[in-house]
Amino acid sequence: MKNICVVGTGYVGLVTGACFANLGNRVACLDIDDAKIKRLRAGELPIYEPGLDTLVERNTRAGRLRFTTDYAEAVAGADFIFIAVNTPTIAGGAGADMSYVEAAARSIATHLRNDAVIINKSTMPVGSGDLVSTIVHEHLTIPTLNVAVVSNPEFLSEGFAVRDFQHPDRVVLGSVDRAAAQRVAELYLPLRAPIVITDLYTAEMIKYASNAFLATKISFINEIARICDLLGADVKEVAAGMGYDQRIGNKMLNAGLGYGGSCFPKDVKALAHMADEAGLHPQLLDAVMKINQDQRRVAIEKLAMELGGPDSLRDKTIAVLGLAFKDNTDDMREAPAIDIINWLIEAGAEVRAYDPVAVETAQKLYPDWQVTYCENEYDTARGCDGVILVTEWKQFHDLDLERLHDVMRGDEKGPVFIDGRNFFDPAQVEQMGFRYHGIGRGKARRKSVQHRTAPAEQPSTVPGER
Ligand code: UDX
């Protein structure tokens with residue numbers, strides 16, 4: 001059993017703390033936000049993350065997990081101190097705001113009374129390990145302490161964070177002090193995952209490169225989707241056909257409305273910024289970001305086109321299904337729904353919206369007079385001219401299309417269904433009376449060319465020649 005302190009109780013900090021406690025360690029989760037710690041002590045989680053509540057409850061009850069705002073208490077006796085605070089994008093800029101990390105490093109150093117390893121868990125610009133080490137050594141109250149800094153980037157996907165922690169594809173550790181990295185590696189041994197030990201800069205870069213690569217896959221398939229729309233291919237089948245190639249893999253190839261969330265947008269931007277500052281123009285990363293931003297517009301363009309042109313959204317009522325940046329989370333950071341709702345409101349449309357868990361988050365962005373929040377999908381679509389499926393909540397797979405169609409308004413051509421996540425079979429939705437648009441489902445729009453096999457006695461007959 002090791003003594004661990006985790007600074008920061010956001011997604012990363014809470015999951016890290018609860019999961020290490022569940023592995024049998026004694027963990028103190030620290031946050032400077034008094035209200036948050038009070039809620040956690042009362043057993044209330046500040047975030048929605050499947051499985052986390054059970055872990056927190058079980059380990060708090062077993063005395064392995066505690067919550068505090070007191071650095072002296074949390075750091076005392078800790079062998080490992082994880083920094084898992086926010087590194088948001090600097091307001092109006094592209095670089096990471098390191099002020100929370102710097103403050104945490106200073107507080108840890110002044111309260112530390114024993115040798116310890118400090119582990120950077122938050123995503124930090126390449127070179128931050130050195131920065132944290134410098135700050136810590138400058139502020140140590142006991143200068144003779146042996147303190148090493150290790151970078152240990154997180155690869156937790158929201159909604160699956162507990163599973164991702166417990167079954168990681170790999171654990172990355174970077175340090176100038178290899179022995180310290182080995183000690184951190186021991187914490188992860190029960191997970192039986194491959195462990196990569198490298199230098200600080202490389203570990204930090206592995207995190208950025210991984211996220212940028214995944215974001216690139218998404219923008220790549222979204223660009224292919226746009227080409228599919230024009231050429232008459234179906235991107236869903238294209239992605240499936242590509243994914244069987246093990247060099248490509250079948251993950252992160254769902255064309256849709258682009259990536260959102262707290263990581264991809266921020267990390268791709270930060271990596272491009274670091275490259276820029278170092279004197280390199282990051283052409284691919286810039287394209288990835290541009291494609292992602294444009295992709296959100298696709299839903300609105302398709303909707304407006306079907307409803308009669310660019311100005312046609314005025315006074316129309318549109319249902320937005322899904323607000324979170326993806327399923328299984330109430331997080332709306334950089335969510336495609338935000339741009340989509342903004343554009344709908346700007347265009348003069350009335351917006352009705354539903355999300356299984358993110359309505360409370362959305363209400364902080366759009367008060368009730370701007371967006372009408374509804375109880376379920378059918379209530380949302382009531383009286384609407386069009387519906388946009390924005391978030392990939394699994395429950396939307398089970399939509400009763402007939403019921404949805406019945407409650408919608410639509411003109412003589414029927415209501416419009418924009419399937420921003422390619423959940424449905426175009427023909428099936430059209431059969432229900434909708435005007436359907438997916439993302440890159442060119443097949444649905446393909447002109448019905450009749451491929452006829454010419455009879456043997458008339459070999460020269462070509463379809464369309466008669
Ligand atoms: C991501 C990484 O997966 C994780 O390893 C890292 O630590 C943090 O960033 P997360 O932001 O939680 O995790 O979500 P993820 O499931 O990766 O999805 C990100 C965004 O991409 C979502 O908006 C999702 O809708 C979108 N996406 C994902 C697609 O558009 N297509 C896909 O094929 C996959």
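Quick notes on this structure:
- Per-residue SASA remark: Thr372, around 50 Å² accessible (1.4 Å probe; ligands, DNA and RNA not included).
- Size of charge dipole - the stretch 3-198 - debye, nearest 20, with Cβ of Lys, Arg +1 and Asp, Glu -1, no other charges: 520
- Student exercise, the stretch 296-450 dipole from Lys, Arg, Asp, Glu Cβ charges, in Debye to nearest 20: 740
- In sequence order, calculated HN-Hα J values of the stretch 154-171 (Karplus, 6.51, -1.76, 1.60; Hz; x Gly/Pro): 8, 10, 8, 9, 4, x, 10, 4, 5, 4, 5, 5, 6, 10, x, 5, 6, 10
- Chain lengthening between Arg403 and Gln370 when straightened (0.36 nm per residue, less Cα-Cα): 9.3 nm
- Residue list for the stretch 81-123, given a label point 7 angstrom along the Cα-to-Cβ vector of Asp276 and an amide N cut-off under 18 Å: 88-98
- Charge context of Ala287, other residues only, Cβ under 12 angstrom, K/R +1, D/E -1: -2
- Within the stretch 25-115, trypsin sites (Lys or Arg not before Pro) in DSSP loop having at most 14 other beta-carbon neighbours inside 10 Å: Arg113
- When the charge dipole of the chain is built from unit charges on Cβ atoms (+1 for Lys and Arg, -1 for Asp and Glu) and taken about the Cα centre, the candidate among Asn342, Pro367, Leu389 whose Cα reaches farthest toward its positive end is Leu389.
- Largest-first ordering by accessible area, 1.4 Å probe, given options Glu334, Glu306: Glu334, Glu306
- Annotation: amide H of Leu65 within the under-5 Å range of Val27, Thr60, sequence separation 5 or more or interchain, hydrogens built in the peptide plane.
- Here the stretch 222-238 is scanned for amide nitrogen atoms under 17 Å from the site 7 Å beyond the Cα of Tyr244 along Cα-to-Cβ, giving 234-238.
- Per residue, in Å², the accessible surface of the stretch 296-450 once ligands and nucleic acids are set aside, probe 1.4 Å: 44
- Cβ-Cβ distance of Glu360 and Glu102, R₀ of 25 Å, FRET efficiency by 1/(1 + (r/R0)^6): the value works out to about 0.20.
- Computed with a 1.4 Å probe over protein heavy atoms only, the accessible area of Met432 comes to about 70 Å².
- Distant-in-sequence amide contacts of Ile119, defined by a placed amide H-H separation under 5 Å and a gap of 5 or more residues or a different chain, comprise Ile81, Phe82, Ile83, Val150.
- Euclidean distance of C-alpha centroids, the stretch 176-234 and the stretch 285-341, integer Å: 27
- Accessible heavy-atom area order of His137, His437, His273, highest first, probe of 1.4 Å: His137, His273, His437
- Taking other residues whose beta carbon is less than 11 angstrom from the beta carbon of Val359, and scoring Lys, Arg as +1 and Asp, Glu as -1, yields -4.
- Tyr100 sits with roughly 110 Å² accessible to a 1.4 Å probe, with DNA, RNA and ligands left out of the calculation.
- Amide H within-cut-off set for Thr89, under 5 Å, with H built and near neighbours excluded: Asp97
- Placing R0 at 41 angstrom, the Cβ-Cβ distance between His139 and Arg314 gives a FRET efficiency of 0.10 after rounding to 0.05.
- Packing-based order for 400-407, 377-384, using average beta carbon neighbours within 10 Å, highest first: 377-384, 400-407
- Per residue, the accessible area of the stretch 168-274 comes to 49 Å² when a 1.4 Å probe rolls over the protein heavy atoms.
- Mean silhouette area of the stretch 22-91, derived from the convex hull of its C-alpha atoms and averaged over all directions, reads 5.9 nm².
- Fraction of accessible area attributable to carbon and sulfur, the chain (%, probe 1.4 Å): 51
- Electrostatic dipole magnitude of the chain [Cβ: Lys, Arg +1; Asp, Glu -1; Cα centre; debye, to 20]: 860
- Using the alpha carbons alone, the radius of gyration of the chain stands to its Kirkwood radius in an Rg to Rh ratio of 1.05.
- By accessible area with a 1.4 Å probe, ligands and nucleic acids excluded, highest first: order of Leu321, Leu189: Leu189, Leu321
- Charge context of Pro194, other residues only, Cβ under 12 angstrom, K/R +1, D/E -1: +1
The values are calculated or read from the model by the stated rules, or taken from the named source; none is laboratory data. All figures in this text were calculated on a predicted structure; none of them were measured in a lab. In this analysis, Cβ positions are derived from the backbone assuming ideal geometry, glycine residues included, and neighbour counts consider all displayed protein chains. Only protein heavy atoms, including side chains, enter the accessible area calculation; ligands, DNA and RNA are left aside. Shrake-Rupley method; radii C 1.70, N 1.55, O 1.52, S 1.80 Å.
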